């Protein structure tokens, strides 16, 4: 499939990297220096994607999909519209302003765009998903279902009172119904080995039948923390904070939004029926103490300024806020935010890039989940008669292939199996595979 991507920024580059092995990719960018970073097998065109000649020079007439991922909403929408006038291609536009997505959602065929990716709404949905995961007794920080909902992947954070602390995987025989496979520690994701010792703050990846995974989560849940039940505070009433509050309207939670700008605070007050809006500067400690912010069940730091977000997050850490989620806008600060060891760091551009990629990949591969900012990946695959791994045991697979991977779970004749070293791969098996980011392309090919 030939795909044309307009915009070689972070989102465009991420999508290109995800799709280039299986598709013919062309890219356009006004900044020639951005194109210098692109692999030689990708066709590049320097120029303005709003100009018809530039689009034709990049091969738009042969493209089956055109996606515009620049940082300008108007540009992305216009490019999508132009593409529809020039060809019969499928068009995807990335937008940050929810007003574009609102029009597109309510008016069929608006702008001539086939798929509009709304950064604010997608990010808000990821945050509210996390909120609901933390509202259950198992208190996971991420969940995904595979193989017609017969396999569940959950991530759990190990608190100081977790019974796993200080143990190795070999000392966890009581959890035979699940497979503990991956660990995120000190900004590094790795597959668990037999001698890995669990530590406080580790985020572990677990596979199994849904009920077994939930039971595991409940058994290791902290006794010091209560699930999110009452209060949720949002520090920053920009598009992401606003969209998050909208998604939580009509829920039992008590929502508060703190916004420094008086005009924006007024807008929020007029457009949110349930949330309490407070016009306040969240970098002032007196606000935290007067409004009792540290006692919130969960706290979202979501201003449009990474410097303010990092400062507010540090204040939250100092006050020992139980659950802290923070937005980071720029890739260069991602590792800094991750080093703070908070509940979750959300990178909106990464969320958008993954969503765009999924539009394409859904047609030829199983469900895919990126873990920990793309340094880990989970995907499912069904074994057919042509598969090179047919009739091999798990142990043989591990010895045959160098790239790091683990089969987290498998489904055979509607039964969920936690594979052991002598388990053989049979025709029709559905495998859920976990691998590290650097090995994902090679593992998918195998």
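The values are calculated or read from the model by the stated rules, or taken from the named source; none is laboratory data. Since this is a predicted model, take the numbers as computed values, not measurements. A quick note on method: Cβ atoms are made from the backbone with ideal geometry, for glycine too, and the neighbour counts reach across all protein chains shown.
Hey, among 24, 17, 72, which residue is closer than 23 Å to residue 347 by Cα and surrounded by 17 or more Cβ atoms within 10 Å (Cβ to Cβ)?
On the way: 24 fails: closer than 23 Å to residue 347 by Cα; 72 fails: surrounded by 17 or more Cβ atoms within 10 Å (Cβ to Cβ).
Just a single option satisfies the conditions, and that option is 17.
Scan segment 193-205 for residues that are surrounded by fewer than 20 Cβ atoms within 10 Å (Cβ to Cβ) and touching a residue at least 60 places away in the same chain (Cβ under 8 Å) and report the count.
Adding up the residues that qualify gives 1.
Quick one: which residue in 277, 282 is surrounded by 17 or more Cβ atoms within 10 Å (Cβ to Cβ) and in a loop (DSSP other than H, G, I, E, B)? Outline the logic, then answer.
On the way: 277 fails: in a loop (DSSP other than H, G, I, E, B).
Being surrounded by 17 or more Cβ atoms within 10 Å (Cβ to Cβ) and in a loop (DSSP other than H, G, I, E, B) holds for just one of 277, 282, which is 282.
Being exposed (fewer than 13 other Cβ atoms within 10 Å of the Cβ) and not in a loop (DSSP other than H, G, I, E, B) is the filter here; which residues of segment 163-172 pass it?
Across segment 163-172, the qualifying residues are 170, 171.
If you go through segment 222-237, how many residues are modelled with pLDDT of 95 or more and either outside any loop (DSSP other than H, G, I, E, B) or more than 22 Å from the chain's Cα centre (by Cα) (or both)? Give the steps one after another, and end with the answer.
Restricting attention to segment 222-237, the residues satisfying the condition of being modelled with pLDDT of 95 or more are 231-237.
When the remaining residues are screened for being either outside any loop (DSSP other than H, G, I, E, B) or more than 22 Å from the chain's Cα centre (by Cα) (or both), the result is 231-235.
Final tally of qualifying residues: 5.
Tell me, please, whether a residue that is more than 30 Å from residue 304 (Cβ to Cβ) and in contact (Cβ under 8 Å) with a residue 24 or more places away in the chain can be found in segment 88-106.
Going through segment 88-106, the residues more than 30 Å from residue 304 (Cβ to Cβ) turn out to be 88-90.
Cutting the leftovers down to in contact (Cβ under 8 Å) with a residue 24 or more places away in the chain gives us 89-90.
Yes; the residues of segment 88-106 include at least one that is more than 30 Å from residue 304 (Cβ to Cβ) and in contact (Cβ under 8 Å) with a residue 24 or more places away in the chain.
Find the residue count for segment 149-177, including only residues that are touching a residue at least 40 places away in the same chain (Cβ under 8 Å) and either more than 19 Å from residue 222 (Cα to Cα) or assigned by TED's automatic domain parsing to the domain that holds residue 433 (or both).
First pass over segment 149-177, keeping only residues touching a residue at least 40 places away in the same chain (Cβ under 8 Å): 149-164, 175-177.
Now drop any that are not either more than 19 Å from residue 222 (Cα to Cα) or assigned by TED's automatic domain parsing to the domain that holds residue 433 (or both), which leaves 149-153, 176-177.
The number of residues fulfilling the criteria is 7.
Given the residues 124, 115, which is the only one that is in contact (Cβ under 8 Å) with a residue 40 or more places away in the chain and surrounded by fewer than 18 Cβ atoms within 10 Å (Cβ to Cβ)?
Working: 124 fails: surrounded by fewer than 18 Cβ atoms within 10 Å (Cβ to Cβ).
Going through 124, 115 in turn, the sole match is 115.
Quick check on residue 45: is it assigned to a strand (DSSP E or B), in contact with a strand residue (DSSP E or B) (Cβ under 8 Å, 6 or more places away or on another chain) and surrounded by fewer than 23 Cβ atoms within 10 Å (Cβ to Cβ)? Before you say what the answer is, go through the steps one by one.
Working: assigned to a strand (DSSP E or B): yes; in contact with a strand residue (DSSP E or B) (Cβ under 8 Å, 6 or more places away or on another chain): yes; surrounded by fewer than 23 Cβ atoms within 10 Å (Cβ to Cβ): yes.
In short, yes.
Identify, from the list 190, 256, the residue that is surrounded by fewer than 23 Cβ atoms within 10 Å (Cβ to Cβ), part of a strand (DSSP E or B) and under 24 Å from the mean Cα position of the chain (by Cα). It would help to see each step written out before you state the result.
Values: 256 fails: under 24 Å from the mean Cα position of the chain (by Cα).
Among 190, 256, only 190 is surrounded by fewer than 23 Cβ atoms within 10 Å (Cβ to Cβ), part of a strand (DSSP E or B) and under 24 Å from the mean Cα position of the chain (by Cα).
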